[in-house]
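A quick write-up on the structure given underneath.
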Amino acid sequence: MTEDTLARLCADIAFISTPAVLGLEVYHMDDEVLRSKRAMMNQAQRHCLLVNHSRFGQAALHCLASLQEFDHIITDSPPSPEHREVLEPAGLTLSNRKANER
């Protein structure tokens, strides 16, 4: 039912969180949640990924999307240099925002 409902929406932007980013791929451990997030992305004009810096280098069972599918990637702190080395050649830019920043 959730996917059917989401398929009838039209959004300007989808804010998607993830527990895992490995290389240039975004993952999630729960297939039902993944399908809902994918449905939200399909109905949005732009996509924003919200990810904690400690989640870079982590994998989960299901691949949600490529990082290139996101217009913005927001994290709380920069990931480690080894993970930035993967992101920068792909032309991906991160915005760093702590929870209490405005």
**OP:** Filter segment 1-44 down to residues that are of a type in the set (S, T, N, Q) and modelled with pLDDT of 95 or more, then give me how many there are.
**Re:** 2
**OP:** Within segment 1-31, work out how many residues are more than 12 Å from L61 (Cα to Cα), part of a helix (DSSP H, G or I) and of a type in the set (D, E).
**Re:** 2
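To keep it simple, each residue is scored yes or no on (1) surrounded by fewer than 18 Cβ atoms within 10 Å (Cβ to Cβ); (2) touching a Gly at 6+ places or on another chain (Cβ under 7 Å); (3) among the hydrophobic types (A, V, I, L, M, F, W, C); (4) not in a strand (DSSP E or B).
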| position | (1), (2), (3), (4) |
| --- | --- |
| S36 | yes, no, no, yes |
| Q45 | yes, no, no, no |
| I73 | no, no, yes, no |
| E85 | yes, no, no, yes |
Original post:
Do you know which of the residues in segment 1-34 that are more than 29 Å from E82 (Cα to Cα) and among the polar types (S, T, N, Q) is surrounded by the fewest Cβ atoms within 10 Å (Cβ to Cβ)?
Top reply: T5
Subject >> segment 47-65: number of residues that are over 17 Å from T93 (Cβ atoms) and part of a helix (DSSP H, G or I) >> reply: 2
**OP:** Determine whether L67 is within 13 Å of S17 (Cβ to Cβ) and surrounded by 14 or more Cβ atoms within 10 Å (Cβ to Cβ).
**Re:** no
Original post:
List, please: which pairs have Cβ atoms under 9 Å, are six or more places apart or on different chains, and start with a residue in segment 15-27 that is within 17 Å of A90 (Cβ to Cβ) and end with one that is among the aromatic types (F, W, Y) and surrounded by 16 or more Cβ atoms within 10 Å (Cβ to Cβ)?
Top reply: T18/Y27; V21/Y27; V21/F56; L22/F56; V26/F70
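The values are calculated or read from the model by the stated rules, or taken from the named source; none is laboratory data. Predicted, not measured: the structure shown is a model, and the values here were computed from it. Cβ sites come from the backbone with ideal geometry, for glycine too, and all protein chains shown count toward neighbours.
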